[in-house]
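Report on one structure; see the data block that follows.
The values are calculated or read from the model by the stated rules, or taken from the named source; none is laboratory data. If you're wondering where the values come from, they're calculated on a predicted model, not measured in any experiment. Ideal geometry is used to build each Cβ from the backbone, glycine not excepted, and the neighbour counts take in all protein chains shown.
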Amino acid sequence: MALTPEQIAEIEAQRANSAQTLRAVSPGMEGRLYTAHPVLDHGLIRVIDYMGDDEAICQAARVSYGKGTKAVSDDRGLIRYLMRHWHSTPFEMCEVKFHVKLPVFVARQWIRHRTANVNEYSARYSILDREFYIPSADQLAAQSKQNNQGRGEVLQGEEAARVLDLLREDAMRSYDHYEDMLTPDTDTGKLGLARELARMNLPANIYTQWYWKIDLHNLFHFLRLRADPHAQYEIRVYAETMCDIVKDWVPSAYEAFEDYRLGGVNLSGKAVEVLKRRLAGEDVTQETSGMSKGEWREFAGVWG
Ligand SMILES: Cc1cc2nc3c(=O)[nH]c(=O)nc-3n(C[C@H](O)[C@H](O)[C@H](O)COP(=O)(O)OP(=O)(O)OC[C@H]3O[C@@H](n4cnc5c(N)ncnc54)[C@H](O)[C@@H]3O)c2cc1C
């Protein structure tokens, strides 16, 4: 992630400018505000604004007039109760606005999460930068043999070098053509193609940027899906960075989320029955479990 000296100065100016407020402030989030957290080779995540903290979740749940007289330990217990029982609306009282710079193919996965408000950099209005995601050597992997939606063995030697060359060459060539198409030339009468059309030939590893605002309940849903090991590495690293930020913002809510959602397991009715039969000493197999082979594989992956 290379920020220009002007961008660094703008961020520093924002961080130097503080104002008194009556609103709830999260000390952990204040430390994160505006700071650019690098992700991938040119990407970033920055918190632009936020509303609420752990207390705000409890205030909403209790519909209280002020802070109330409850201790932090009571708040933590209430938050865990709300998370455990899928009582989601108090978490929706907290909001966060991120500035994210990400490759277009990651943005396509990300935008499927419909419960956020998004404003993307306009490539009709502005010219995109010459910035492309090129995977690091340890992420350049072959198709997984077990999982159609995943990667397996890391490419080595000449094959890895050739893939990297192709990625770089294609990116640079298409950007050269993009610039060529855009640029007018008064000597030859060349008009230059409109930005909204010239962008057509750019590959999906070019970087875009957006502001992305979401409430905490829906952010947790996003993080549960995208910080999961099944999510593609390139979106997972963004989700993991956000997890670190949310942990600082709302420590009790994040702790409950980590425990009940990230670390928890959903059980089907069949799975509950199998566990009960096992605890009673029965040797249950896939054939006698009533589960499909795939379901059994996932069940055995967690419970052995
Ligand atoms: C590992 C992984 C692999 C994936 N593979 C594919 C794939 O191959 N192809 C593909 O197309 N997608 C794929 N997806 C995307 C996935 O199917 C979802 O579209 C995406 O994760 C967004 O989930 P969501 O709809 O729950 O989230 P959000 O859009 O954030 O919605 C959150 C929740 O709000 C509710 N909601 C939102 N909008 C509506 C609505 N209009 N109607 C009813 N309820 C609504 C739902 O309860 C939803 O769960 C994949 C996702 C993951 C994590």
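Identify the residue in the range 229-247 that is more than 8 Å from the chain's Cα centre (by Cα) and more than 9 Å from the ligand (Cβ to nearest atom) and, among all such residues, is surrounded by the fewest Cβ atoms within 10 Å (Cβ to Cβ).
PRO229
Any chance the range 218-232 includes a residue that's in contact with a Pro (Cβ under 6 Å, 6 or more places away or on another chain) and either outside any strand (DSSP E or B) or over 30 Å from ILE57 (Cβ atoms) (or both)?
Let us first name the residues in the range 218-232 that are in contact with a Pro (Cβ under 6 Å, 6 or more places away or on another chain), namely none.
No.
Of the numbered criteria (1) under 19 Å from ASP228 (Cα atoms); (2) within 16 Å of the ligand (Cβ to nearest atom); (3) touching a helix residue (DSSP H, G or I) at 6+ places or on another chain (Cβ under 6 Å), the one PHE105 fails is (3). For the range 208-228, the set of residues classified as within 16 Å of TYR50 (Cα to Cα), of a type in the set (D, E, K, R) and within 11 Å of the ligand (Cβ to nearest atom) consists of ASP215 only.
Checking the condition touching a residue at least 24 places away in the same chain (Cβ under 8 Å) and either part of a helix (DSSP H, G or I) or of a type outside the set (Lys, Arg) (or both), which residue from ARG199, ARG162 passes?
Numbers: ARG162 fails: touching a residue at least 24 places away in the same chain (Cβ under 8 Å).
Testing whether each residue is touching a residue at least 24 places away in the same chain (Cβ under 8 Å) and either part of a helix (DSSP H, G or I) or of a type outside the set (Lys, Arg) (or both) leaves just ARG199.
Among the residues making up the range 76-93, those that are within 16 Å of the ligand (Cβ to nearest atom) and either more than 14 Å from TYR260 (Cβ to Cβ) or outside any loop (DSSP other than H, G, I, E, B) (or both) are THR89, PHE91, GLU92. Every condition in (1) of a type outside the set (D, E, K, R); (2) at pLDDT below 95; (3) surrounded by 12 or more Cβ atoms within 10 Å (Cβ to Cβ); (4) away from the ligand (no atom under 16 Å from the Cβ) is met by MET181 except one, and the failing one is (2). Scanning the range 113-134 for residues that are without any contact (Cβ under 8 Å) to a residue 40 or more places away in the chain and more than 16 Å from the ligand (Cβ to nearest atom) turns up just one, SER122. Under the condition of being touching a residue at least 60 places away in the same chain (Cβ under 8 Å) and either assigned to a loop (DSSP other than H, G, I, E, B) or not hydrophobic (A, V, I, L, M, F, W, C) (or both), which residue from the range 15-35 is surrounded by the most Cβ atoms within 10 Å (Cβ to Cβ)? So, considering only residues that are touching a residue at least 60 places away in the same chain (Cβ under 8 Å) and either assigned to a loop (DSSP other than H, G, I, E, B) or not hydrophobic (A, V, I, L, M, F, W, C) (or both), the one surrounded by the most Cβ atoms within 10 Å (Cβ to Cβ) is SER26.
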